[in-house]
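The values are calculated or read from the model by the stated rules, or taken from the named source; none is laboratory data. This is a predicted model, so every value here is computed, not measured. Every residue, glycine as well, gets a Cβ built from its backbone with ideal geometry; the counts of neighbours run over all protein chains shown.
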């Protein structure tokens, strides 16, 4: 499963059958001068790039890795190299083979980062699950890490950081015209 998540999906996106079919269709229509503008647009337009789907695949790989890394430690190396491969293939695909029709809001990126925080819970949870089934014991360290991960996810971290590092800005009393002579 690690190999499938890490290597199959990037290779699939690199050798995408939809891209190949669109390329063949463009080659067939290239010599035909008798088709409408709508047909030409559909034929020559690159396939759409779905950034939300790509975010979800990366998050799925990360979650899967952190849950099963206790049972299969070498899987983390597969996932790491697979994410590098995924990045390179995704960059190539985005720059050369796809078009972006919809803009992605910053809310998707923030949600993705927030969802990635669940890896703090998945690794100790995976350790507890496999320790209880394979070793018939529970690790105190895993329980403590699980509690810390849950507290981190549930705690309003932004509010705490703003409280700890609050800045008070003073209003400028001089206008630009009055202050510009003070600087060389």
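Of all residues in the stretch 75-91, how many are closer than 20 Å to residue 142 by Cβ and in contact (Cβ under 8 Å) with a residue 60 or more places away in the chain? Selection size over the stretch 75-91: 1.
Out of 78, 55, report the one residue that is outside any loop (DSSP other than H, G, I, E, B) and surrounded by 19 or more Cβ atoms within 10 Å (Cβ to Cβ). Write out each step before concluding.
Working: 55 fails: surrounded by 19 or more Cβ atoms within 10 Å (Cβ to Cβ).
Testing whether each residue is outside any loop (DSSP other than H, G, I, E, B) and surrounded by 19 or more Cβ atoms within 10 Å (Cβ to Cβ) leaves just 78.
Residue count for the stretch 126-165 under the criterion of being under 30 Å from the mean Cα position of the chain (by Cα) and loosely packed, with under 11 Cβ neighbours inside 10 Å: the result is 12.
If you filter the stretch 103-127 down to residues that are touching a residue at least 24 places away in the same chain (Cβ under 8 Å) and in a loop (DSSP other than H, G, I, E, B), you find that the one that is farthest from residue 68 (Cα to Cα) is 104.
Within the stretch 61-72, track down each residue that is assigned to a helix (DSSP H, G or I) and farther than 12 Å from residue 1 by Cα. Let's see the steps before the verdict.
As a first pass, look at the stretch 61-72 and keep what is assigned to a helix (DSSP H, G or I): 61-68.
Hits for the stretch 61-72 are 62, 63, 66, 67.
One line per residue, one yes/no per condition, for (1) touching a helix residue (DSSP H, G or I) at 6+ places or on another chain (Cβ under 6 Å); (2) under 15 Å from residue 79 (Cβ atoms); (3) at pLDDT below 75:
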{"site": "2", "(1), (2), (3)": "yes, yes, yes"}
{"site": "10", "(1), (2), (3)": "yes, yes, no"}
{"site": "21", "(1), (2), (3)": "no, no, no"}
{"site": "35", "(1), (2), (3)": "no, no, yes"}
{"site": "38", "(1), (2), (3)": "no, no, no"}
